[in-house]
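Structure first, commentary second.
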Amino acid sequence: MATNKFMIGVVPVGDTPVFVAKATAAHISGYLNLPTEILPALDTPSFAYDEKRLQYNAGIIIKTYEALEFGCEKVVALLDIDLFIPLFTHVFGEAKLGGKCALASIFRLKMERDGSCPAPSLVYERTAKVALHELGHLFNLRHCEDNRCLMHFSGDLEQLDRTPIHFCRYCNRFFKDALVDYSDSSFNS
């Protein structure tokens, strides 16, 4: 899909299993044809814990991680904590349009609504979908109206599970163009 001019970092955070990071990196590499690297793990971001909500503020985490030097052009941090942004009760992931670092949390992806645990392969697939969606935001893709597109907003597990693990043709084209524009500006400056 793209030329291999830059690296995408995948960083496990806290108690996130390394295999989840490896599976996510493989999806990024395989689907987007972008080189990926598993980065050294980071500690759980206790600085972002909100005692009133008993969750972690995704915006605070992103702001902190954006200031870190990872040695990669873009980074997807994988966490095993419950994330929120003030507007929603929870989020599976978060990213700033055009930013450097995205978040994907497995906290709600590893448990079904009835409290049972899904097969590990489903957790890996869900995590990959969230990571690829948030990575799209890092390359300025916005939410898509097509519910068969990876950039369609998924607010619950049922929606996420129905979402295929690919971009619609429009988002796919926009992503390819964004990669070209990004690599041109990054490597000619």
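Values computed for the structure shown
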{"read-out": "Overall form of the stretch 85-189 per C-alpha gyration tensor (a/c, 1.5; a/b vs b/c)", "value": "prolate"}
{"read-out": "Length gained when the stretch ASP177-GLU66 is fully extended (0.36 nm per residue, less Cα-Cα span)", "value": "37.6 nm"}
{"read-out": "Selection from ILE8, ALA21, TYR31, by position along the positive dipole direction of the stretch 4-183 (Cβ)", "value": "TYR31"}
{"read-out": "About the Cα centre, charge dipole magnitude for the stretch 1-124 (Lys/Arg +1, Asp/Glu -1 at Cβ), debye", "value": "300 debye"}
{"read-out": "Fraction of accessible area attributable to carbon and sulfur, the stretch 26-93 (%, probe 1.4 Å)", "value": "56 percent"}
{"read-out": "Residue-wise HN-Hα coupling along the stretch 85-94, computed from phi with Karplus coefficients 6.51, -1.76, 1.60 (Hz; x: Gly, Pro)", "value": "10, x, 6, 10, 6, 7, 9, 6, x, 7"}
{"read-out": "Relative contact order for the stretch 4-183, counting Cα pairs under 8 Å that sit 6 or more residues apart, in percent", "value": "18 percent"}
{"read-out": "Set of lysines near LYS100 by C-alpha distance (under 21 Å), chain-local residues within fewer than 8 positions excluded", "value": "LYS5, LYS22, LYS63, LYS74, LYS129, LYS176"}
{"read-out": "Shape call, the stretch 4-183: gyration tensor on alpha carbons, a/c limit 1.5", "value": "rounded"}
{"read-out": "Sequence-distant residues sharing a close amide H with THR36 (under 5 Å, placed H)", "value": "ILE8"}
{"read-out": "Coil-residue chymotrypsin sites (Phe, Trp or Tyr not before Pro) of the stretch 124-171, DSSP, other Cβ within 10 Å capped at 16", "value": "PHE153"}
{"read-out": "LEU87/VAL18 FRET efficiency (R0 25 Å; Cβ-Cβ; nearest 0.05)", "value": "0.20"}
{"read-out": "Listed residues LEU132, SER116, ALA95: farthest to the positive end of the dipole of the chain (Cβ charges)", "value": "LEU132"}
{"read-out": "The stretch 18-119 shape via C-alpha gyration tensor axes, a/c threshold 1.5", "value": "oblate"}
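The values are calculated or read from the model by the stated rules, or taken from the named source; none is laboratory data. Keep in mind that this is a model prediction, so the values were computed, not measured. Cβ sites come from the backbone with ideal geometry, for glycine too, and all protein chains shown count toward neighbours. Quick note on the areas: whole protein, heavy atoms, side chains included, nothing else; ligands and nucleic acids left out. Shrake-Rupley method; radii C 1.70, N 1.55, O 1.52, S 1.80 Å.
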